[in-house]
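Computed from the coordinates by the stated procedures, all read-outs in this text should not be read as laboratory data. Small disclaimer: the values here were computed from a predicted structure and weren't measured. All Cβ positions, even for glycine, are placed from backbone atoms using ideal geometry, and neighbour counts span all protein chains on display.
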Amino acid sequence: MPARVAVMISGTGTLLQSLIDDPGRVYDIVVVAADRPAAGLQRAVAAGIPTTVVAPADHPDRPAWSAALAHAIQTYTPDWIVSAGFMRIVDSAFLDRFPQRVVNSHPALLPAFPGAHAVADALAYGVRVTGCTVHLVDAGVDTGPIIAQRAVVVEPDDDQESLHERIKAAEWELLPQVINRLVAHGLTVEGRKVRI
Ligand code: GAR
């Protein structure tokens, strides 16, 4: 039986598309979950993948929302959960249900520029090299152990859009590669060191 992967998104879902289109994909994408009626859900629908929307506004507080999201995803019994452009932080109760099984793609070279404005922050800081990071999710904001990274050079004329587009192009390659390796080999974590 192929491994089962759930994907969480908030936006246009181009990272999701890179997973859907990965010719070497060794797992099934069993559900795409979103925190809003994200445009990217249409990509799941087009690929025949079930979708679910669990919106914070429909729940009294963050723990209740996070529990509802975990429950909705658990219904599909995933082996791995990929946060691919998901713009919210799940709580530790969510992570306890899927220990060391939640992976995020972040558009910067962590630990530099965590948070929701990573590309703008890197540009504003004036770095000459940024990139993307695939990491395990822990209870902090983009603080979990790093699995893989790829560098992207900042060009002198870059604006946020042009830089983010090149970072995403790196993510479209790196994320499918990493998820395939994780699914095939599993991982061990010693301190902050991840081995696949
Ligand atoms: C990606 O660059 C991803 O790393 C970023 O959102 C973009 C999603 O693009 N995620 C974060 O910033 C999470 N903090 P997409 O909607 O086209 O897949």
- Under 20 Å from the 7 Å Cα→Cβ point of L187, by amide nitrogen: which residues of the stretch 115-134? 115-116, 131-134
- Task: Work out which helices of the chain, taken as complete DSSP H runs, extend at least 15 Å along their axis over the Cα atoms and score a mean Kyte-Doolittle of 0.0 or more, then list them.
- Result: 62-74
- Rank S83, S18, S162 by mean-square fluctuation in a GNM of the chain with C-alpha springs under 10 angstrom and give only the top-ranked residue. S162
- Residues whose built amide H sits under 5 Å from the amide H of S10, excluding neighbours closer than 5 in sequence, are F86, M87
- Once the Cβ-Cβ distance between D159 and A46 is put in as r, and R0 is 35 Å, what FRET efficiency do you end up with, to the nearest 0.05? 0.70
- C-alpha center-to-center spacing [the stretch 16-36, the stretch 69-125] in angstrom: 15
- Item | Computed [θ] at 222 nm, helices only, for the chain once each DSSP H run of length n ≥ 4 contributes -39500 (n - 2.57) | -10500 deg cm²/dmol
- Task: For the stretch 9-114, give the magnitude of the charge dipole about the Cα centre (Cβ charges: +1 Lys/Arg, -1 Asp/Glu; no others), in debye to the nearest 20.
- Result: 100
- Task: Go through the stretch 137-143 residue by residue and turn each phi into a ³J(HN,Hα) via Karplus (6.51, -1.76, 1.60, θ = phi - 60°); whole Hz please, and just put x for glycine and proline.
- Result: 8, 10, 6, x, 9, 6, 10
- Item | Hypothetical label at H117: residues of the stretch 75-111 whose amide nitrogen lies under 17 Å (7 Å Cα-Cβ projection) | 87-88, 107-108
- Message: Only bridges whose two residues both fall in the chain count here: according to DSSP, what percent of them are antiparallel, nearest 5?
- Response: 45
